[in-house]
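Take a look at the structure set out below.
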Amino acid sequence: MKIWIALIVASLAVGAYAQCSCETMKWATCDGSPCTCHLMTGNGTKQVLDCTKLIPKCFLMQAEMYRARKGLSTRGIGGKPDETAFVDNDGIYDPDCENDGTFKAKQCNNTDTCWCVNSAGVRRTDKGDKDLKCEESQDPFTPTVGGQKLEFENILVYYVDEKAPTFTMKNLSGGIIAVIVVVVLAVVAGLLVLVFAKKRQGKYNKAQQRELDNM
């Protein structure tokens, strides 16, 4: 009788464990009753998840960086190597997130160099020091029709920001500036050669016409 009771308890425990999982995040750890899931985003930092929704990108990047530092498995996108799973023009970085998972307006990647990001976490300004001032991140885009919030399935999101980037030329490397100068000079030289060639062709045609008239 005791064996049957033990088997029943074990089967119930296995069933409860199978139900206590996070479908939207394979790295999450779930336990307890009711089921609670959390994600490690730093040393000793556990982020509680709502597994009925997509995991915010900022939390996902934090988890990616944490796992990379610990030598744990990370993920790739589109067949790219794992280390390029989350990149922009500056490469992967460890973001600072708000409590709701949005990116903080200023990111420093645990260094003294900071920059401003848009709502997708992509740099939109020149880099500066820790005194850099950034506007607060905007509320995420929420589409509605007739005042009703739309629900989507199988979403493919392209992150955009309504504010134009504010990059300047001052932080471009010398090599890039040299390439730009060479290209501009080549275009100008080509235009000058074309103009002189047309003028020379015009003079030749006029001289040929005068010779024909004299004959």
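The values are calculated or read from the model by the stated rules, or taken from the named source; none is laboratory data. On a predicted model such as this, the values are computed, not experimentally measured, just so you know. Heads up, the Cβs are rebuilt from the backbone with ideal geometry, glycines too, and the neighbour counts pull from every protein chain shown.
If you go through the stretch 83-121 and pick out every residue that is at pLDDT below 90 and aromatic (Phe, Trp, Tyr), you end up with 2.
If I filter the stretch 149-168 for residues that are surrounded by 15 or more Cβ atoms within 10 Å (Cβ to Cβ), under 20 Å from Lys53 (Cβ atoms) and modelled with pLDDT under 90, do I get at least one hit? Taking every residue of the stretch 149-168 in turn, none turns out to be surrounded by 15 or more Cβ atoms within 10 Å (Cβ to Cβ), under 20 Å from Lys53 (Cβ atoms) and modelled with pLDDT under 90.
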